[in-house]
Every structure is written in C-alpha cells, then in structure tokens.
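Values in this text are rule-based calculations from the coordinates and carry no lab data. Quick caveat, the model's predicted, so the values are computed rather than measured. Cβ: placed from backbone, ideal geometry, glycine included. Neighbour counts: every protein chain shown.
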Amino acid sequence: MIEIYKDWNFPDTQYVRQKTEKKQIVLHHTVSGDKVDGDTSWWLHTPERVATSYIISREGHLHKCFDDEYWAYHLGLSAEHFNRFGISYHRLDPSSIGIELDSWGALLQHTDGLFYPVTRQNGKIVPNLKCKPVKNIYEYCSNQKYRGFQYFDRYTTAQLDTLKRLLHFLMEKHRIAANYKSDIWNATPRALMGWEGIFAHASYRQDKSDVHPQVELVNLLKSL
Ligand SMILES: [Zn+2]
C-alpha cells in the first residue's frame, strides 16, 4: 500500500474505466505553480479524458486522480512521432501509467535577474512576467542545456522521495522493471515500441521537456 494524501476520485467521464495491462510508467511535470487544485480542475473541466493517475506536489504530497489499473490520455502521440523511427502508430496510453510532478519546468532569466516560467509571444519563447519569479532553480551547464533551456524549476527532495516510494509500489503491483537507460532523455524507439520500463514524456516526443534530467532524478531512476 502507499499513502495517498488526497484522492480526487475523478468521475469516469475523465478517464477510461477499462482495466489494461501496464508495461510502462511515464513521468511528466505539470508546468504549473504551487497548488495541485489548478491541475486537477483543468482536467476536470475539459471534455477530453486527459489526466494522469498521480500528481506529486512540491511538498511531496501524493494526489490520486483515478486508479492506476485504468487509463487516460497523457502522451499526446500522433503518427509522426512514430514515423521518424519507422514504427507504425499504435496506442500507448492504455498500457502506461502517468505520474505528474508539480513543477514549472523550463525557466528563463529576465533582465531583472530573476527566473520566470516561459510563455510564447509572437512565436518567441519569453519569460512570463505574469507569473511570480521561481526561487528553486536547477541550472545546467551552458554547454549541456536540456531541450535548449539552461534553467528549470528544481524537483524538490520531498517530491523525489514520494516519487521513489510510488515507483516501487507501482513496479511491484504491475510487475514492471525500471530498465533505466540514458536514452530516455530523448525520443527513443524503446519507448515508442511500448517496451517495458520507466520513461519520461520526453522519451516519446522530441518537443517535450518533461521530465528534465535533474541529477537527483537520474540517480533515483538508476537506483530502482
Ligand atoms: Zn508531459
């Protein structure tokens, strides 16, 4: 068993209440601020069945949206994501469990020296000054940027501790091996073929930067 901080108990119009065999666990981040309520209310107010089973807040609180034996759309894959590897399109959402870490993801430094979440303005990626500056920064070396970004919202220790417990729980319950390899930080045929393991959203899509390879997260995944 794993301790759930809050069970949101999503209505079955917001996910697919069909039990499926799970082979993959996929890590995302939400691109949002401190509260989990914003993420869940967004999902609950859209007609699409887009969600993940779990969200982990920055305090390390585990939020459950729906039971991990069922599924929802969380990968956003189309034929082109598969075609570039010569793989034919097939659905992977039913056989994967999604976990979100609450995080802003990529950040940009403004001329005031502070770090802000990013937004798109006239086709350009710029700091979003409508957001509060982010304090908990993870910095990549300038020659080792991830997906073109040097700064990210840092996943917290509490968050990663909860993630580790959750991964152990899910790996045992669904008999999934971690099979960690460093290819998961880019789109990889292993993910798109539906092979067993723990992946990032970025393992399926080159246009995604969740989750980013913060060294503590890499070490966690290697340790499983
Ligand atoms: Zn994602």
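If the requirement is being touching an Asp or Glu at 6+ places or on another chain (Cβ under 7 Å), under 22 Å from Asp153 (Cα atoms), more than 16 Å from the ligand (Cβ to nearest atom) and not charged (D, E, K, R), which of these qualifies: Gly33, Gly60?
Gly60
Which condition from (1) within 16 Å of the ligand (Cβ to nearest atom); (2) over 17 Å from Leu217 (Cα atoms); (3) in a loop (DSSP other than H, G, I, E, B) is the one that Val134 breaks?
Going through the list (1) within 16 Å of the ligand (Cβ to nearest atom); (2) over 17 Å from Leu217 (Cα atoms); (3) in a loop (DSSP other than H, G, I, E, B), Val134 breaks only (1).
Report every pair of residues separated by at least 6 positions or lying on different chains whose Cβ atoms are under 7 Å apart, first residue within the range 149-161 and without any contact (Cβ under 8 Å) to a residue 40 or more places away in the chain, second acidic (Asp, Glu).
Sorted first by the residue in the range 149-161, then by its partner, the pairs are Gln150/Glu139.
Hey, can you tell me all the residues within the range 84-126 that are touching a residue at least 24 places away in the same chain (Cβ under 8 Å) and in contact with a Ser or Thr (Cβ under 8 Å, 6 or more places away or on another chain)?
Matches in the range 84-126: Pro94, Ser95, Ile97, Gly98, Ile99, Glu100, Leu101, Asp102, Ser103, Trp104, Gly105, Ala106.
Does any residue of the range 36-53 turn out to be over 21 Å from Ser103 (Cβ atoms), surrounded by 14 or more Cβ atoms within 10 Å (Cβ to Cβ), basic (Lys, Arg) and out of contact with any Lys or Arg (no Cβ under 7 Å at 6 or more places or on another chain)?
Yes, the range 36-53 has at least one match.
Please determine whether any residue of the range 18-31 is of a type in the set (Val, Ile, Thr), surrounded by fewer than 20 Cβ atoms within 10 Å (Cβ to Cβ) and farther than 26 Å from Ile184 by Cβ.
no
Could you pull out the residue among Arg120, Arg165 that is part of a helix (DSSP H, G or I) and within 27 Å of Thr40 (Cα to Cα)?
Going through Arg120, Arg165 in turn, just one is part of a helix (DSSP H, G or I) and within 27 Å of Thr40 (Cα to Cα): Arg165.
For the range 1-15, give me each residue that is buried (at least 17 other Cβ atoms within 10 Å of the Cβ) and either aliphatic (A, V, I, L, M) or touching a His at 6+ places or on another chain (Cβ under 8 Å) (or both).
Matches in the range 1-15: Trp8 only.
Give the residues of the range 165-224 that are closer than 21 Å to Leu62 by Cα and among the β-branched types (Val, Ile, Thr), sorted by residue number.
Ile176, Ile198, Val211, Val218
Could you figure out which of (1) of a type in the set (A, V, I, L, M, F, W, C); (2) within 16 Å of the ligand (Cβ to nearest atom); (3) within 19 Å of Ala200 (Cβ to Cβ) isn't true of Trp42?
(3)
Filter the range 76-114 down to the residues that are within 16 Å of the ligand (Cβ to nearest atom) and not in a loop (DSSP other than H, G, I, E, B), then identify the one that is surrounded by the most Cβ atoms within 10 Å (Cβ to Cβ).
For the range 76-114, the residue satisfying everything is Glu100.
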